[in-house]
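Taking it in order: structure first as structure tokens, then the write-up.
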Amino acid sequence: MSVSPLMQAGELAAEIERNPAALLVCDCSFDLGAPQAGRQAYEQGHVPGAVHVDLERDLSIAPTGRNGRHPLPRAEDFAARMAALGAGSATRIVAYDASGGMFAARLWWMLRWVGHAQAAVLDGGLQAWREAGLPLSTGAEPARPAGDFQVRPPLAATVDYADVRARLEDGRRVLIDARGADRYRGENETLDPVGGHIPGARNRPYRDNLAADGRFKPAAELRAEFEAVLAGASPADSVAQCGSGVTACHNLLAMEAAGLAGAALYPGSWSEWCAQPGAPVATGA
């Protein structure tokens, strides 16, 4: 049974009180510029009972220089890690961070990638939890017993470089780039060695999914905005990408919340694309 991809702070607090054993809360705090800062932030204050899930340790494997900055792990390895954290096949897993959901969305998408439907993101993240006056815990949490989490048929699709390149030439895919407009244009590129975007990609910065209070915009507003980006194309004919397959998941989460499910993820994204010999590059708007 599918569940809403977004959960409010009060709903999460009620679930923790009602049945904590059936719930796994995952703090995805991370800082791209200081990889150790996420764990430190978690220990300074987190949702009670939450485990820390690290972007580079748990949600990625080491890059080779040609497969993007945050390559996906093997599905079986990711499932084993979730089981070790205490997740079972029926566990409801709620992810959050303090960065507008950019890292929590990656975990949400990966859970669906391995077939786990009971996944959600805390709308507004740690800020919303604090604003609701809810308590925080510090330090580490006691280890939970290992669960029986396993890979099941996927609920989310991926495409690779070869597929994107082939579809680029026949025009049958809509690429949605989640990076900021300046990086999309090829300006202020500090993370990847080449600036620009995949030719034909349409820019939808992931931060545009959020309202001023840090929560996701209403579903109807998100739907209208993404339908404008799709310009008549089906979500199933679209591919989300970004710099390294992280913030693209934020767009996928927003599309799911808007009732526009079915888009695929290009996990390697721009960081993989620009490392391939002969890959075409576009700049400007």
Checklist line | Residues that are charged (D, E, K, R) and either farther than 17 Å from residue 4 by Cβ or crowded, with 21+ Cβ neighbours inside 10 Å (or both), drawn from region 80-129 | finding: 81, 97, 106, 112, 123
Next item on the list: Taking the options 156, 166, 146, 178, name whichever one is outside the structural domain of residue 69 (by TED's automatic domain parsing), without any contact (Cβ under 8 Å) to a residue 12 or more places away in the chain and not aromatic (Phe, Trp, Tyr).
Entry: 166
Next item on the list: Check whether at least one residue in region 37-51 is hydrophobic (A, V, I, L, M, F, W, C) and within 24 Å of residue 266 (Cβ to Cβ), and report yes or no.
Entry: no
Notebook entry, point to check: Only one residue in 192, 213 is under 24 Å from residue 129 (Cα atoms), over 17 Å from the mean Cα position of the chain (by Cα) and touching a residue at least 60 places away in the same chain (Cβ under 8 Å), so which one is that?
Noted result: 213
Checklist line | Residues of region 111-168 that turn out to be part of a helix (DSSP H, G or I), more than 22 Å from residue 10 (Cβ to Cβ) and among the charged types (D, E, K, R), as a count | finding: 4
Checklist line | Residue that is nearest to residue 254 (Cα to Cα), among those in region 176-198 that are crowded, with 19+ Cβ neighbours inside 10 Å and among the basic types (Lys, Arg) | finding: 179
Check: Going by the structure shown, is residue 201 more than 16 Å from the chain's Cα centre (by Cα), surrounded by 22 or more Cβ atoms within 10 Å (Cβ to Cβ) and not assigned by TED's automatic domain parsing to the domain that holds residue 98?
Finding: yes
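Pick out the one residue from 105, 120, 95 that is closer than 30 Å to residue 275 by Cα, of a type outside the set (Ser, Thr, Tyr) and assigned by TED's automatic domain parsing to the domain that holds residue 32. Talk me through it step by step, then tell me what you get.
Working: 120 fails: closer than 30 Å to residue 275 by Cα; 95 fails: closer than 30 Å to residue 275 by Cα.
Matching residue, one of 105, 120, 95: 105.
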Item checked: Qualifying positions in region 84-105 - in contact with a Phe, Trp or Tyr (Cβ under 9 Å, 6 or more places away or on another chain) and of a type in the set (D, E, K, R) -> 97
Margin query: Can you report the number of residues in region 68-77 which are small (Gly, Ala, Ser) and either closer than 18 Å to residue 243 by Cβ or in a loop (DSSP other than H, G, I, E, B) (or both)?
Written below: 1
Note to self: Are there helices (runs of 4 or more DSSP H) fully within region 194-285 with at least 2 residues that are more than 27 Å from residue 10 (Cβ to Cβ)? List them.
What the structure shows: 219-230, 269-273
Item checked: Qualifying positions in region 184-196 - touching a strand residue (DSSP E or B) at 6+ places or on another chain (Cβ under 8 Å) and either under 12 Å from residue 270 (Cβ atoms) or among the hydrophobic types (A, V, I, L, M, F, W, C) (or both) -> 184, 186, 196
Notebook entry, point to check: Can you name the condition, by its number, that residue 255 falls short on among (1) surrounded by fewer than 22 Cβ atoms within 10 Å (Cβ to Cβ); (2) within 16 Å of residue 120 (Cα to Cα)?
Noted result: (1)
Notebook entry, point to check: Can you find even one residue in region 30-38 that is among the polar types (S, T, N, Q), surrounded by fewer than 22 Cβ atoms within 10 Å (Cβ to Cβ) and in a loop (DSSP other than H, G, I, E, B)?
Noted result: yes
Check: Is it the case that some residue within region 36-56 is modelled with pLDDT under 95 and under 26 Å from residue 7 (Cα atoms)?
Finding: no
Checklist line | Meets criteria (under 15 Å from residue 266 (Cα atoms), without any contact (Cβ under 8 Å) to a residue 60 or more places away in the chain and either surrounded by 13 or more Cβ atoms within 10 Å (Cβ to Cβ) or not assigned by TED's automatic domain parsing to the domain that holds residue 66 (or both)) for residue 173 | finding: no
Note to self: Residue under question is residue 65, and the condition is that it be modelled with pLDDT under 95, at positive phi, surrounded by fewer than 20 Cβ atoms within 10 Å (Cβ to Cβ) and in a loop (DSSP other than H, G, I, E, B); does it hold?
What the structure shows: yes
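The values are calculated or read from the model by the stated rules, or taken from the named source; none is laboratory data. Since the structure is predicted, the reported quantities are computational estimates derived from the model, not experimental observations. So basically every Cβ, Gly included, is an ideal-geometry build from the backbone, and we count neighbours across all protein chains shown.
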